[in-house]
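Take a look at the structure below.
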Amino acid sequence: MQITEPARRIDVIHETDVVVIGSGPGGLAAAIGAARAGVSVALVERFGCFGGNITAVGVEGFAWYRHEKTVDTEGVGREFEVRALADGATTPEPQSDSNALDAERFKLVADKMVLEAGITPMLHRAFAAPIVEDGAVRVIITESKAGREAILAKRVIDATGDADVAYRAGALTCKTPVEEMQAASVMFSMTGVDPRAFSKAVQEDPQTYKDWESGEWTVETTGKEDAMFSPFLRKPFKQAVEAGLIPAHLSTISGTWGAIYDSGDLTYLNLVHLPECDGTDPDSMTQNEIEGRKQAMLAVEALKRFQPGCESAKLRNFGMTIGIRDTRKIQAVYDMTGQDVREQGRFEDSIGIFPEFIDGYGILILPTTGRYFQVPYRTLLPKGIQNLLVAGRATGGDPVSHAATRNMMCCTVTGQGAGVAAALSVKHSCDLDRLDMALLQGELKRQGVRLH
Ligand SMILES: Cc1cc2nc3c(=O)[nH]c(=O)nc-3n(C[C@H](O)[C@H](O)[C@H](O)COP(=O)(O)OP(=O)(O)OC[C@H]3O[C@@H](n4cnc5c(N)ncnc54)[C@H](O)[C@@H]3O)c2cc1C
């Protein structure tokens, strides 16, 4: 059954040069990049904090791929890490030369960076619909406790992760078939862990990336990853299945822990994997939130019983929302390929680099050798719509390229590139698909981005 929603007049609450929808690594970088390029920017976010998966889901492993020889991204993403370190919002990451972000304290880091850049913060407003005229997005309509409101913007950046704006504006998008989607995860943290006993047990029985493989999962590596240490946990859950604590059909409970704090907090527990969860379908998400919390509590009980150091521990918190990895992507002017990320793609319209780090769809390749690829501007440009760029995990590309570009540091590359491009196209009154690449690259360089 369907009904017709009556048309209504709504207030225009804000006018801006650039509006960014969604404030994850992609959106935050986009808003800051645009503001630093000298235009007015509003950042719209449905939740009460900026940071996206970092703060809303609790994904703290911002650069867990980084090793001695890694040639890494430079730009606002690195600033996130450096600023978080300076503000006491990090802890050493156990498998890499990087710092894990503290998901809670990063909320404050993001607040500060948004306000310092002069961005208009607009929390607690969800994007509801665009108004498209003559093939160009002109207006963004939000929904909130205040009802429906309109924002007028000269350029729009879709950083929702799910290409919500592009999809509703009629741009070409595609979605991985649900049975092939990367699993969703209900993330959680524990407290009351004995950090010394936990670390001792990890050191005495170190796990490797090869250990990720099981009856359910195969992992393609280049071989060099196999013997490297991974903060991985499966044995306690296997014991829990044998003891009848976890039902045998949940032998998928296993995965990585992120950081152990002196305070007894064990965070970023990425142990619950929920296949066939469609992050654009609220019914699917409802069912998987409930199932995920149930499985997380089974994992907590198993750790208490079988993981040294966790005997007196308890659940500290779940992420504010289920973690979604894989939904809609745009069909872009250039869709990146597996070949681009595996074979050091090079592009004339590069907006930044990302190391050869591929994690997803059964592939794990770590950038231990200094190899890296460039990210082309055209991968942000949706086909079939004007005034709109997409940043973050919904940019154009095939599944293997997404296993690289979905990573948070790479989302900051597409974010900063989108933000600067949107700003320059307003300042120079030119369409996004006609932007002078020398101009874009010049401003990105000025902002500290490594392009080549
Ligand atoms: C469980 C899990 C573990 C992961 N582990 C890692 C890891 O260790 N390292 C790594 O680099 N990557 C990891 N990833 C991937 C990474 O977190 C994401 O790919 C990345 O955060 C995507 O960034 P984004 O900015 O595109 O979107 P997101 O981080 O998803 O941010 C999107 C933002 O947009 C907001 N939003 C969405 N829709 C609307 C709307 N309609 N209106 C207003 N706001 C909206 C959301 O609330 C959110 O704040 C993991 C992902 C998951 C789910």
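The table that follows gives values for the structure above.
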quantity	calculated
Kirkwood-Stokes translational diffusion coefficient of segment 46-184, alpha-carbon pairs, 37 °C, 0.692 mPa s, µm²/s	187
Surrounding net charge for Glu143, when Lys and Arg each add one and Asp and Glu each subtract one, Cβ distance under 10 Å	+3
Net charge, Thr369 excluded, C-beta distance under 9 Å - Lys, Arg +1, Asp, Glu -1	+2
Rounded to 10°, Cα long-axis angle of helix 437-446 versus longest principal axis of the chain	50
Gain upon complete extension [Ser144, Leu245; 0.36 nm per residue less C-alpha separation]	32.1 nm
Enclosed volume per residue, in Å³, of the convex hull spanned by Cα atoms of segment 92-134	191
Per-residue ³J(HN,Hα) for segment 55-72, Karplus 6.51 cos²θ - 1.76 cosθ + 1.60, θ = phi - 60°, Hz, x for Gly and Pro	9, 7, 10, x, 8, 9, x, 6, 9, 6, 7, 7, 10, 3, 8, 5, 9, 9
With every protein chain in place, segment 241-280: carbon and sulfur % of accessible area (1.4 Å)	51
Beta bridge orientation in the chain: antiparallel %, DSSP, nearest 5	65
Between helix 76-86 and the chain: long-axis angle, C-alpha atoms, 0 to 90°, nearest 10	50
Within segment 177-239, trypsin sites (Lys or Arg not before Pro) in DSSP loop having at most 14 other beta-carbon neighbours inside 10 Å	Lys224
Rounded, prolate or oblate (a/c below 1.5 giving rounded, otherwise prolate when a/b exceeds b/c) for segment 384-428 by Cα gyration tensor	oblate
Whole-Å semi-axes of the ellipsoid equivalent to segment 267-423 (Cα gyration tensor, √5λ, descending)	34, 20, 13
Protection proxy ranking, peptides 286-299, 408-421, 261-274, average beta carbon neighbours within 10 Å, highest first	408-421, 261-274, 286-299
Cβ-Cβ FRET estimate between Arg234 and Asn317, R0 fixed at 25 Å, reported to 0.05	0.60
Segment 347-361 - phi-based ³J(HN,Hα) in whole Hz, Karplus 6.51/-1.76/1.60, Gly and Pro as x	9, 5, 9, 4, 10, x, 10, 9, x, 6, 10, 10, 9, x, 6
More than 27 angstrom apart: percent of Cα pairs within the chain	51
J(HN,Hα) series, segment 241-252, from Karplus relation 6.51 cos²θ - 1.76 cosθ + 1.60, nearest Hz, glycine and proline x	5, 4, 7, x, 6, 10, x, 4, 6, 9, 5, 7
Span per principal axis, largest first, for the Cα atoms of segment 154-245 (Å)	57, 34, 32
Gain in span if fully extended, Arg434 to Leu115, counting 0.36 nm per residue against the direct Cα distance	111.7 nm
12 Å beta-carbon shell around Gly77, net charge (K/R +1, D/E -1)	0
Extension gain (nm, one decimal) between Asp281 and Glu343, 0.36 nm per residue minus Cα-Cα	18.8 nm
Computed [θ] at 222 nm, deg cm²/dmol, the chain (DSSP H ≥ 4; -39,500 (n - 2.57); rounded to nearest 500)	-8500 deg cm²/dmol
Column: log10 I(q)/I(0), Debye, Cα scatterers of segment 291-336, q = 0.15 Å⁻¹	-0.56
For Phe306, solvent-accessible area (1.4 Å; no DNA, RNA or ligand), Å²	50
10 Å binning of all Cα-Cα separations within segment 130-179, expressed as whole percents from 0 upward	22, 49, 22, 6
Signed unit charges on C-beta, dipole axis of the chain, positive-most listed residue Pro308, Tyr372, Gly244	Tyr372
Translational diffusion coefficient (Stokes-Einstein; Kirkwood radius from C-alpha pairs) of segment 367-452 at 20 °C, 1.002 mPa s, in µm²/s	158
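The values are calculated or read from the model by the stated rules, or taken from the named source; none is laboratory data. As the structure is a computational prediction, the values presented were derived from the model and not from experiment. Ideal geometry is used to build each Cβ from the backbone, glycine not excepted, and the neighbour counts take in all protein chains shown. Please note that ligands, DNA and RNA were not included when accessible areas were found on the heavy atoms of the full protein model with its side chains. Shrake-Rupley method; radii C 1.70, N 1.55, O 1.52, S 1.80 Å.
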